Amino acid sequence: KNVIWQSHPIAEVIMVLTVTTIPADELTELIGIDVDTASGLIAAVREGLPFDVFANLQHVLELPAATLADLLGLPLRTLNRRKHEGQFKPEESDALLRVARVVSRTLDLFKDRATAILWLKSPEFAFNDDTPLSLLDTEVGAQKVLRLLDQLAHGVFP
């Protein structure tokens, strides 16, 4: 697997928070921007991800725009403004990237898009019957989901 995080002070913090690697090519395909280096990814988030990232995630997750916006903590009026502007603010971009990282890792593990999306939307015993998708509104929740995905990938069932 390719590790998209390289040695850089901020990347080291990200590495601590990330329990699993995500193939750079899959994340690139999912969000539609080149993320082959940590510095490139950081720059893209700081600049603000393009609105197309939201549209790509919405399509892959098969979610209504309002549901994905809610997961990202975006009021619909703000989402409409970002659509008109064509890009998100850095903190919103960070939330988009958080969801994209987990979706990418889930797709990588399950290999089948329908199965991966079904898993993200289904109640999970390890999360007290919350869906993995519902935990992606926070970094801590995303890390819990990534940790479980990593365990599943290694045959460790909680």
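The values are calculated or read from the model by the stated rules, or taken from the named source; none is laboratory data. Computed from a predicted structure; not experimentally measured. Using ideal geometry, Cβ is built from the backbone for each residue, glycine included, and neighbour counts are taken over all protein chains shown. The accessibility values were calculated without ligands, DNA or RNA, using every heavy atom of the protein model including side chains. Shrake-Rupley method; radii C 1.70, N 1.55, O 1.52, S 1.80 Å.
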> Considering segment 66-75 alone, what residues qualify as being free of Cβ contacts under 8 Å to residues at least 40 places away in the same chain and in contact with a Leu (Cβ under 8 Å, 6 or more places away or on another chain)?
Replying inline: A66, L68, A69
>> It is to be established whether one or more residues within segment 84-99 are out of contact with any Pro (no Cβ under 9 Å at 6 or more places or on another chain), of a type in the set (A, V, I, L, M) and open to solvent by 20 Å² or more (accessible area, probe 1.4 Å).
In response: no
>> Being of a type in the set (A, V, I, L, M) and open to solvent by less than 10 Å² (accessible area, probe 1.4 Å) is the requirement here; does V156 meet it?
In response: no
> What do you reckon, is L107 more than 23 Å from L74 (Cα to Cα) and either in a helix (DSSP H, G or I) or hydroxyl-bearing (S, T, Y) (or both)?
Replying inline: yes
> In segment 44-73, what residues are under 27 Å from A114 (Cβ atoms), open to solvent by 20 Å² or more (accessible area, probe 1.4 Å) and not in a helix (DSSP H, G or I)?
Replying inline: P50, E62, L63, P64
> For the subset of segment 117-133 comprising residues that are touching a Lys or Arg at 6+ places or on another chain (Cβ under 9 Å) and part of a helix (DSSP H, G or I), which member is most open to solvent (accessible area, probe 1.4 Å)?
Replying inline: A126
>> Contact list please: Cβ distance under 9 Å, first residue in segment 51-65 and free of Cβ contacts under 8 Å to residues at least 12 places away in the same chain and farther than 12 Å from L97 by Cα, second residue of a type in the set (A, V, I, L, M) and open to solvent by 30 Å² or more (accessible area, probe 1.4 Å), pairs at least six apart or on different chains.
In response: A55/A65; Q58/A65
